[in-house]
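Q: Here's a structure for you.
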Amino acid sequence: MRPSEGWLTGSGRIGTINGSGQMTISNTLSSLARSQAGCDRIATTPLPFVYSLMVRRTIYLYCWLLPFALIEATSWFAPVFAAVVACVFFGLQAVTNELEHPFRNVQNGLSLDAICRVIKISACEALGQEAPAMRTLENYVLT
């Protein structure tokens, strides 16, 4: 292989990989690069503050006005129903705030180390090498 050429080109030139193999590897690497670029955009593009602010204000307003809308139909149960609805809405808001950054190393983040370990195990098995051990939980979190 020449120093100026890449591994894929050099392997094709010396006959290690044929043309269809080169095409398959090239397409796979291109797909991987596109996926990586998409994940990078997800990780670096924040959700505009206005969206979360509007959701929060809408939830507060809705939960404040809900008992008045329910008072005729439910009488004194209106605050109980409003509290249940408020709990659901504020829980959903907390979940969306947590999922806004999926690549952080937190309890609800993606377990990227475990995903990479599974890929490595599959590659080792395909190559006939000894596979590393699976990831284990650390403080009930799979990293």
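Q: Only residues in segment 124-135 that are on the phi < 0 side of the Ramachandran plot count as the first member; pair them with residues that are of a type in the set (D, E, K, R) and surrounded by 11 or more Cβ atoms within 10 Å (Cβ to Cβ), Cβ under 7 angstrom, at least 6 apart or cross-chain, and list the lot.
A: Ala131/Glu125; Pro132/Arg117; Pro132/Lys120; Met134/Arg117; Arg135/Asp113; Arg135/Arg117
Q: What single numbered condition from (1) within 30 Å of Ala114 (Cα to Cα); (2) at pLDDT below 90 fails to hold for Arg56?
A: All conditions pass for Arg56, except number (1).
Q: Residues that are at positive phi, in a helix (DSSP H, G or I), free of Cβ contacts under 8 Å to residues at least 60 places away in the same chain and surrounded by fewer than 13 Cβ atoms within 10 Å (Cβ to Cβ): does segment 86-103 have at least one?
A: Residues of segment 86-103 that are at positive phi, as a first pass: none.
Scanning segment 86-103 turns up no residue that is at positive phi, in a helix (DSSP H, G or I), free of Cβ contacts under 8 Å to residues at least 60 places away in the same chain and surrounded by fewer than 13 Cβ atoms within 10 Å (Cβ to Cβ).
Q: Here is a further query. Checking Ser111 against (1) modelled with pLDDT of 80 or more; (2) open to solvent by less than 50 Å² (accessible area, probe 1.4 Å); (3) not hydrophobic (A, V, I, L, M, F, W, C), only one condition comes out false. Which one?
A: The number of the failed condition is (1).
Q: Considering only residues that are farther than 21 Å from Leu92 by Cα and open to solvent by 90 Å² or more (accessible area, probe 1.4 Å), which ones fall in segment 46-72?
A: Initially, segment 46-72 is screened for residues farther than 21 Å from Leu92 by Cα, giving 68-72.
Passing the criteria: Phe68, Ile71, Glu72.
Q: Now, a different point. Scanning for something among the small types (Gly, Ala, Ser), out of contact with any helix residue (DSSP H, G or I) (no Cβ under 8 Å at 6 or more places or on another chain) and in a helix (DSSP H, G or I), does segment 4-20 turn up at least one residue? Spell out how you get there, then give the answer.
A: Taking segment 4-20 first, the residues among the small types (Gly, Ala, Ser) are 4, 6, 10-12, 15, 19-20.
Retained after the next criterion (residues that are out of contact with any helix residue (DSSP H, G or I) (no Cβ under 8 Å at 6 or more places or on another chain)): 4, 6, 10, 15, 20.
If we keep only those that are in a helix (DSSP H, G or I) too, we end up with 10, 20.
Within segment 4-20, one or more residues are among the small types (Gly, Ala, Ser), out of contact with any helix residue (DSSP H, G or I) (no Cβ under 8 Å at 6 or more places or on another chain) and in a helix (DSSP H, G or I).
The values are calculated or read from the model by the stated rules, or taken from the named source; none is laboratory data. Everything quoted here is computed from the prediction, not taken from an experiment. FYI the Cβ positions are ideal-geometry reconstructions off the backbone, even for glycines, and counts take in every protein chain you see. When the accessible area is computed, the model is the full protein with side chains, heavy atoms only, and any ligands, DNA or RNA have been set aside. Shrake-Rupley method; radii C 1.70, N 1.55, O 1.52, S 1.80 Å.
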